[in-house]
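One structure below.
The values are calculated or read from the model by the stated rules, or taken from the named source; none is laboratory data. Computed from a prediction, not measured in an experiment: that's the story for all the values here. Glycine gets a Cβ as well: all are built from the backbone with ideal geometry, and neighbour counts include every protein chain shown.
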Ligand code: NA7
């Protein structure tokens, strides 16, 4: 069934469009937006989703070992107490299948499916200024209209398959982790080559190694990783979580990164060497992203960061038995956490297996893919399967692959030629009534995603509510407000060490030809939330709102 046509109960909208709002994407963002706009504001809404199921990121990323790096009790919606009460997570870090089950449960629980059109990829969206409507056209050529368009397309949904010559001639199978086949991949006894050692590659290696005949890991940039220490949640922990929900939520919504822990208010440089090591050991034993929170200055002071980076390099050297492999894995060129810090379940340990070999692409880069396998500068590796754990055209990619055109037919691609320009990460000047969920210029990927998502959806829903109450029809970011915001986004990044990781996808550096601009807002989620609230309180200062 394809619910693309209007008619899930809401009457014909007065503005002449098919719906009051069109939402692109049925992941965490799109589903909550649908609930908020339809069930709480009474709008007629249609969600258009390219996949054949809901879940967004968690629908596509089915690769071996796929798991969330946020703890399960924080990686979920908090908008509904009933939902929180009725869903129980089984592990400290939820697996992809469990998250997908959760999102399907949400879709059923809030009766969302009747307004979600699956298998419906959006090809273009054009703003019709005279009618004050967005005309959204699907890949099959059907057009739907609504005064409001919200993109909920995810930050990491445009897979980046590097253009390595010869791939089309490869005789084996190849897969990108972000477009993993639903039926899975059988690695049993196979010769597997995995390119990429980011968060995804680091999760995949130990699991692929369990069944592969041999796994070659092609590493271009070495990476830090902290153990996740994943485990089933004990009954006591589950009870503790249930009893402390409000407090957990308060922490998540009042701190920098949306996680259920605060950054310690101490400098790495104010404690003795002995104490520092003790605290790092303690954080290592606890595991997870919380390692970052050991000291307040790990992301702002290079000398402080050096202490963490060196601790983690030493850990790699102590885990990996082969000294040459240990050296290549620990020869990391960027300060800890300036690229998205991975967490793992046995990543470095996997290199102690006889069937896992590290290939150092810094010493001998990939030259091409041959029918038989991967050829580097000094060897050819015969392979049955190549796994591309090569990341995404992050943040802007998912938006720019839709042909979005605002006033006067100006394309978003043109508007963002030199990098993303928007106000609060929410709206682009020249693209009235279009809101972008967790896009560039918002904390998004620097925050625990569901926290960022609920903030954005609530802000957008409140904005539409207030516009309707006042009979206002159009909202558009002012160019000068967007220019100021871009400066603020840059300044926030510059006040940290984040731009020091030259090859990071935060900067767009992983995609050839992409403008190098630090994209997410690094000023912290709580601060960002306060700015957005203040803008709304001042009658949407920085936006032109009209009847
Ligand atoms: P990432 O973090 O972008 O990692 C991609 C990896 O692939 C990284 O090691 C890259 O090396 C490597 N890569 C990319 N292109 C190539 C080529 N052409 N040759 C060799 N190696 C290459 O993506 P992930 O999927 O791991 O993680 C994305 C986010 O998803 C993650 O941060 C979480 O937020 C969830 P490089 O570092 O560019 O040298």
| note | Expected output for the stretch 403-426 (first residue on the phi > 0 side of the Ramachandran plot, partner surrounded by fewer than 19 Cβ atoms within 10 Å (Cβ to Cβ) and modelled with pLDDT under 95, Cβ below 6 Å, 6+ apart or cross-chain) is 419/515
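Do the conditions hold for residue 374, that is, is it buried (at least 21 other Cβ atoms within 10 Å of the Cβ) and either under 21 Å from residue 162 (Cα atoms) or without any contact (Cβ under 8 Å) to a residue 40 or more places away in the chain (or both)? Spell out the reasoning first.
Working: buried (at least 21 other Cβ atoms within 10 Å of the Cβ): yes; either under 21 Å from residue 162 (Cα atoms) or without any contact (Cβ under 8 Å) to a residue 40 or more places away in the chain (or both): yes.
In short, yes.
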| task | Return yes when residue 209 is buried (at least 16 other Cβ atoms within 10 Å of the Cβ), assigned to a helix (DSSP H, G or I) and under 23 Å from the mean Cα position of the chain (by Cα) and no when it is not. | result | no
| message | For the structure I just gave you, tell me whether residue 228 is under 30 Å from residue 86 (Cα atoms) and either crowded, with 20+ Cβ neighbours inside 10 Å or within 14 Å of the ligand (Cβ to nearest atom) (or both). | response | yes
| For the stretch 240-345, list the helices (runs of 4 or more DSSP H) that sit wholly inside it and hold at least 3 residues that are more than 28 Å from the chain's Cα centre (by Cα) and outside the structural domain of residue 498 (by TED's automatic domain parsing); which are they? | 273-286, 302-319, 323-330
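For the stretch 24-49, how many residues are surrounded by fewer than 20 Cβ atoms within 10 Å (Cβ to Cβ) and over 18 Å from residue 105 (Cα atoms)?
The qualifying residues number 3.
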| field | Residue satisfying condition, being over 22 Å from residue 356 (Cα atoms) and either touching a helix residue (DSSP H, G or I) at 6+ places or on another chain (Cβ under 6 Å) or more than 16 Å from the ligand (Cβ to nearest atom) (or both), within set 166, 178, 213 | value | 178
| Within the stretch 518-534, can one find any residue that is crowded, with 16+ Cβ neighbours inside 10 Å and touching a strand residue (DSSP E or B) at 6+ places or on another chain (Cβ under 7 Å)? | no
| query | Which one is farthest from the chain's Cα centre (by Cα), of the residues in the stretch 500-517 that are surrounded by 18 or more Cβ atoms within 10 Å (Cβ to Cβ) and in a helix (DSSP H, G or I)? | reply | 507
| request: Within the stretch 454-478, track down each residue that is part of a helix (DSSP H, G or I), surrounded by fewer than 18 Cβ atoms within 10 Å (Cβ to Cβ) and more than 27 Å from the chain's Cα centre (by Cα). | output: 465, 466, 468, 469
